[in-house]
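*Asks:* Please read through the structure below; I'll follow up with questions.
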Amino acid sequence: RKEVEQDPGPFNVPEGATVAFNCTYSNSASQSFFWYRQDCRKEPKLLMSVYSSGNEDGRFTAQLNRASQYISLLIRDSKLSDSATYLCVGRDTGFQKLVFGTGTRLLVSP
Amino acid sequence: NAGVTQTPKFRVLKTGQSMTLLCAQDMNHEYMYWYRQDPGMGLRLIHYSVGEGTTAKGEVPDGYNVSRLKKQNFLLGLESAAPSQTSVYFCASSSWGLAIDTQYFGPGTRLTVL
């Protein structure tokens with residue numbers, strides 16, 4: 001089983017829609033979690049960290065469910081510019097190693 | 001402030017050739033990483049460094065070597081390139097402590113091995 005697993009998508013949504021992605025993780029990648037965003041043929045960039053209490057940054061909300069071992073990302077009022085691949089990332093309990101999921105692709109259409 | 005830069009951006013090699021990828025960061029970060037990204041595989045860690053003069057193996061180190069002679073530079077070498085090493089290579093850096101979780105990536109190097 002992969003340490004961090006994601007549905008590759010693509011998720012096709014119209015502008016203004018609300019979309020949610022889930023990501024599941026195994027115990028070895030269970031210290032901290034993050035969502036990174038990667039545009040086509042570009043480098044990944046940190047979108048937001050995920051806290052146990054949940055956290056919100058504008059239209060983006062991230063939540064962590066340790067009991068069920070999943071992380072979620074909710075995007076409200078989708079914009080065309082939200083089209084990208086969203087990488088679910090865990091921090092290895094051993095050390096300074098981030099474990100990346102394969103990414104979920106989002107396509108927002110007019 | 002350029003952040004993380006990578007040289008070259010593109011390269012085509014023949015099987016058996018060697019090359020070195022250069023990563024440079026101007027953020028005074030302690031930690032640097034080399035990843036490869038392949039379709040359906042996600043980012044996989046090749047080697048990493050926790051400081052000048054130190055390196056360690058990541059998830060997929062075979063066929064690669066690295067050096068960190070200066071804090072700002074992290075070099076990735078392919079001694080004898082193989083088609084399986086065709087990939088996009090990303091370098092990243094991060095500070096220490098809690099800030100380690102934020103990795104800053106370079107723009108990537110697209111390598112094709114024929």
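*Asks:* Check whether at least one residue in the stretch A:77-99 is surrounded by fewer than 19 Cβ atoms within 10 Å (Cβ to Cβ) and closer than 12 Å to A:Q6 by Cβ, and report yes or no.
*Replies:* The answer is no; no qualifying residue exists.
So that you can scan it fast, the table gives a plain yes or no per residue for (1) touching a residue at least 60 places away in the same chain (Cβ under 8 Å); (2) part of a loop (DSSP other than H, G, I, E, B):
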| site | (1), (2) |
| --- | --- |
| A:T61 | no, no |
| A:L64 | no, no |
| A:S68 | no, yes |
| A:S81 | no, no |
| A:V89 | yes, no |
| A:V99 | yes, no |
| A:T102 | yes, yes |
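*Asks:* Would you check if there is a residue in the stretch B:17-35 being closer than 18 Å to A:R41 by Cα and free of Cβ contacts under 8 Å to residues at least 12 places away in the same chain?
*Replies:* no
*Asks:* Report yes if B:V50 is among the aliphatic types (A, V, I, L, M), within 14 Å of chain A (Cβ to nearest Cβ) and part of a loop (DSSP other than H, G, I, E, B), otherwise no. Full working, then the answer.
*Replies:* Working: among the aliphatic types (A, V, I, L, M): yes; within 14 Å of chain A (Cβ to nearest Cβ): yes; part of a loop (DSSP other than H, G, I, E, B): no.
No; evaluated as a whole, the condition is false for this residue.
*Asks:* While we're on this one: Which condition from (1) buried (at least 16 other Cβ atoms within 10 Å of the Cβ); (2) farther than 19 Å from A:D92 by Cβ is the one that B:S93 breaks?
*Replies:* Against the list (1) buried (at least 16 other Cβ atoms within 10 Å of the Cβ); (2) farther than 19 Å from A:D92 by Cβ, B:S93 comes up short only on (2).
*Asks:* Name the single residue that is farthest from the other protein chains (Cβ to nearest Cβ) among those in the stretch B:96-110 being surrounded by fewer than 19 Cβ atoms within 10 Å (Cβ to Cβ) and at pLDDT 95 or above.
*Replies:* B:R110
*Asks:* If we keep just the residues of the stretch A:34-60 that are under 10 Å from the mean Cα position of the chain (by Cα) and modelled with pLDDT under 90, which is nearest to the other protein chains (Cβ to nearest Cβ)?
*Replies:* A:S49
*Asks:* Is it true that some residue in the stretch B:1-23 is under 29 Å from A:E5 (Cα atoms), out of contact with any Lys or Arg (no Cβ under 8 Å at 6 or more places or on another chain), β-branched (V, I, T) and not in a loop (DSSP other than H, G, I, E, B)?
*Replies:* Yes.
*Asks:* Return the residues of the stretch B:16-39 that are among the aromatic types (F, W, Y) and either crowded, with 22+ Cβ neighbours inside 10 Å or more than 14 Å from B:V66 (Cβ to Cβ) (or both); say none if nothing qualifies.
*Replies:* Step one: of the stretch B:16-39, the residues among the aromatic types (F, W, Y) are B:31, B:33-35.
Scanning the stretch B:16-39 gives B:Y33, B:W34, B:Y35.
*Asks:* Condition test on A:A17, is it over 24 Å from B:V4 (Cβ atoms), in a loop (DSSP other than H, G, I, E, B) and at pLDDT below 95? I'd like the intermediate steps shown before the answer.
*Replies:* Working: over 24 Å from B:V4 (Cβ atoms): yes; in a loop (DSSP other than H, G, I, E, B): yes; at pLDDT below 95: no.
Judged against the criteria, A:A17 is not a match.
*Asks:* Another question, then. Would it be correct to say that B:S67 is surrounded by fewer than 21 Cβ atoms within 10 Å (Cβ to Cβ) and modelled with pLDDT under 95?
*Replies:* Details: surrounded by fewer than 21 Cβ atoms within 10 Å (Cβ to Cβ): yes; modelled with pLDDT under 95: no.
When the stated conditions are applied, B:S67 does not pass them.
The values are calculated or read from the model by the stated rules, or taken from the named source; none is laboratory data. These numbers were taken from a predicted model, which means no experiment stands behind them. FYI the Cβ positions are ideal-geometry reconstructions off the backbone, even for glycines, and counts take in every protein chain you see.
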